[in-house]
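Below you'll find the structure, written out as structure tokens, and then a few comments.
Read-outs throughout are calculated quantities, based only on the coordinates presented, and are distinct from any laboratory measurement. Being a predicted model, the structure only gives us computed values, none of them experimental. Cβ placement follows ideal geometry from the backbone for every residue including glycine, while neighbour counts extend to all protein chains displayed.
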Amino acid sequence: MKLIQNIFYAYVIAINCFAYALMWYDKHQSKKKGRRISENRLFFIAFIFGALGIYLGTKTPIYHKAAKAKFKWGIPLLIVLNVVSVYFLIKCF
């Protein structure tokens, strides 16, 4: 059981680092008019426990998509959903 929890914690940390990197990459691509990452993909990453990384990407120093209402309100709601889900998953293990 402890091993499963440790793997899950590592996954949550990794997916949030990946999500933050995606926000940085998308901001970089937007500046140079390159290939972008869809908002649906960013929300999917947020849904699979990467909401904190996406949220941090909307804050300093990136400020990517910070003005969009979907990101201003949707990502914090997904953070709450992620935290509640993590709580119940850990409680089950």
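One table, with the values for the structure above:
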| item | result |
| --- | --- |
| Estimated 222 nm signal from helices in the chain, with DSSP H stretches of n ≥ 4 weighted -39500 (n - 2.57), rounded to 500 | -22000 deg cm²/dmol |
| Region 1-82 pair-distance distribution - Cα-Cα, 5 Å bins, rounded % | 3, 16, 25, 25, 15, 8, 5, 2, 1, 0 |
| Peptides 17-27, 59-69 ordered by average Cβ neighbours within 10 Å, highest first | 17-27, 59-69 |
| Pairs of lysines in region 2-92 (C-alpha under 30 Å apart; 8 or more residues apart or interchain) | 25 |
| Summed side-chain charge close to LYS72 - residues other than LYS72 whose Cβ falls under 14 Å, Lys, Arg +1, Asp, Glu -1 | +3 |
| Region 64-93-region 7-60 distance, computed between alpha-carbon centres (Å) | 13 |
| Rounded to 10°, Cα long-axis angle of helix 75-92 versus longest principal axis of the chain | 20 |
| Around LEU22: net Lys/Arg minus Asp/Glu count, Cβ-Cβ under 14 Å | +3 |
| The chain, relative contact order [Cα under 8 Å, separation at least 6], % | 31 |
